[in-house]
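Let me begin by presenting the structure, written as structure tokens, before commenting on it.
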Amino acid sequence: MTLIKDNYYALIDIGSNTVRLVIYLPNEAGRFKEVENVKAVARLRNHLTEDDYLSEEGEIILIETLKEFEDVLKIYPLKHFTVVATATVRQAKNKQTLIDRVKTSLGWDMQILSEEEEAFYGYLAVVNATSITEGITVDMGGGSTEVTYFKDRQLIHAHSFPFGTLSLNQLYDNTLSEAENLITVKKYVKEAFETLDWLENRSVPIIAIGGSARNVAQIDQIDKDYPMAGLHQYPLLLKDLNRIKDHLLSLSNTKRMKVEGLSKDRADIILPALMTFITLYNFIHADRFVLSQKGLRDGINYELLFHKQEQPYSPNVLEDSFQELISDFDLDVKQAFQVQHLTRQLFNALTENKVRGMMKEDWTLLRRASYVFNMGDYIDNESSAQHTFYLLSNRTIDGLSHREKLELALVASYKNKTVFKQFIRPYKSWLTKSERKKILLLGALLKFTYCLDGTKRHVISDLSVKVKKKKLKLVLYYSKNAAPEIYQAEKQKKHLEKALKRTIDLTFIQNVSNKE
């Protein structure tokens, strides 16, 4: 992948709990790639006085934190630089003083996001980074919580509540147990949710943004010994959220700080966040709770990317992701189209004859896998299958769920049945026996058609198929110099024969028009 040097974009996000600097570079696929991410735990919310002024101590922490980031920024030639502040600075009565102080001390223009803007950017991140077309987003920070409802990827409703993890923590009564204090939190946030008539009983996914949600997902993955890396689009159910809450509630704060997956700086505020998520889950009758690694900062970047378009989001998130894969791993699109062409002809014959349960819907997976088949060659030809499987199953692919990534990785990395079984072993519970057999067949089919264009010269132009009970007769039409493809086809057909439980007869016919 080619990154456009001397073209860095920087964004500082001043939140109620943390302040973060992120540096990005645009790539050839037209997306931003993160190259630096620096976080400071400032907890500005704790320095907001009872009459809603950020204290002098809070101002000093803010300026000193930003000055530390200034040193990092000096390394990068910037094309675009943004400083945004959210709930705590927005709620502070001395916010103009804070704007002036940042300008005087650093020469930076600090933009305070409105409640509407903060909610909008969270929504924008989700619809540009997932394939979910209808849902409720929740972005819980230290001082505010934004919720939106979108349908057909269009923003329908948005609201910002003036409470977050730090402010909910301040509701605690020190004479009560934490379990009793969580009952207070539950009552407080439920009453807040009830003020929105568009929120209740939506029966859609919750897509959660922010550090607290990320920590919850990390804890769940570790608890379950989850075999796949990556948090984006990781799903949890209500029982998972309740299990984590009950476990953390049973621990002292000191022991909680040692829980794997939970950041030490969130140990004292994670339970109010969890109770908020659980209450929202019950209130809307959600069907699942999904983490989005993309949030406010990404939403701001997406607005930059799509500001000239009628709609502020990509027409097809998944196509953008594949374009990024093609760019990152220097994949041959012309070869992919040729393989698709041959695969489709063989696939159609198998589905028309209902061979081994093949269905028209399986084409979607085959088509996707044809773009990235054996992309591990980019790293090492000898261990291409291993690299392909690891990269596709563990890389974030916007628009694909974790299960869909696994299916893609298994088909695109297919080498033989033995290696397939090795790859699928940690994920056996994810797929039924019949699903595993289907994916193995799709992998064997794609491996065979891929070898028909092994030299990338498109010498095998078409094929025709006759399906019999115990046999498959393939006629392959080729132009001159097809010897390497003919050799590979005869060699590789055994994998497809085993998957189909049929012998395959190959006949090669040279196109008369291509004879010398």
Between the alpha-carbon centers of the stretch 47-123 and the stretch 266-342, tell me the distance in whole angstrom. 27
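Taking only the Cα atoms of the stretch 1-125, how large is their convex hull per residue, in Å³?
Numbers: hull volume 12.9 nm³, N = 125.
In the stretch 1-125, the Cα convex hull volume per residue is 103 Å³.
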Contour excess over end-to-end distance, with Cα ends at residue 367 and residue 470 and 0.36 nm allotted per residue: 34.4 nm
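If you average the sequence gap of Cα pairs under 8 Å that are 6 or more apart and divide by the length of the stretch 8-113, what percent do you get for the contact order?
Working: 176 pairs, mean separation 30.9, N = 106.
Worked out over the stretch 8-113, it gives 29 percent.
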If neighbour count is taken as other Cβ atoms inside 10 Å, put 370, 292, 177 in order from fewest to most. 177, 370, 292
Using a Förster distance of 45 angstrom, determine the FRET efficiency expected from the C-beta separation of residue 456 and residue 287, and round it to 0.05. 0.50
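Taking Cα atoms of the stretch 116-297, Rg/Rh with Kirkwood Rh, to two decimals?
Numbers: Rg = 15.3 Å, Rh = 16.3 Å.
That ratio equals 0.94.
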What is the fewest-to-most order of 188, 9 by other Cβ atoms lying within 10 Å of their Cβ? 188, 9
Rounded, prolate or oblate for the stretch 259-337? Axes are the square roots of the Cα gyration tensor eigenvalues, ordered a ≥ b ≥ c, and the cut-off for rounded is a/c under 1.5. prolate
Considering only the chain, what is the antiparallel percent among its DSSP beta bridges, to the nearest 5? 60
Of the trypsin sites (Lys or Arg not before Pro) in the stretch 206-301, those whose Cβ has at most 12 other Cβ within 10 Å and which sit in DSSP loop: 224, 258
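Computed FRET efficiency, Cβ-Cβ of residue 486 and residue 434, R0 51 Å: what is it to the nearest 0.05? Walk me through the numbers before you get to the answer.
On the way: r = 34 Å, r/R0 = 0.67.
E between residue 486 and residue 434, to the nearest 0.05, is 0.90.
State the dimensionless ratio Rg/Rh of the chain (Rg: radius of gyration of Cα atoms; Rh: Kirkwood radius).
Values: Rg = 26.9 Å, Rh = 25.6 Å.
Ratio value, two decimals: 1.05.
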What list do you get for 373, 163, 306 if you sort them by fewest beta carbons within 10 Å? 306, 163, 373
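Readers should treat all values here as calculations from the given coordinates under stated rules, not as data from a laboratory. Fair warning: this is a prediction, and the values are worked out from it, not measured in the lab. So basically every Cβ, Gly included, is an ideal-geometry build from the backbone, and we count neighbours across all protein chains shown.
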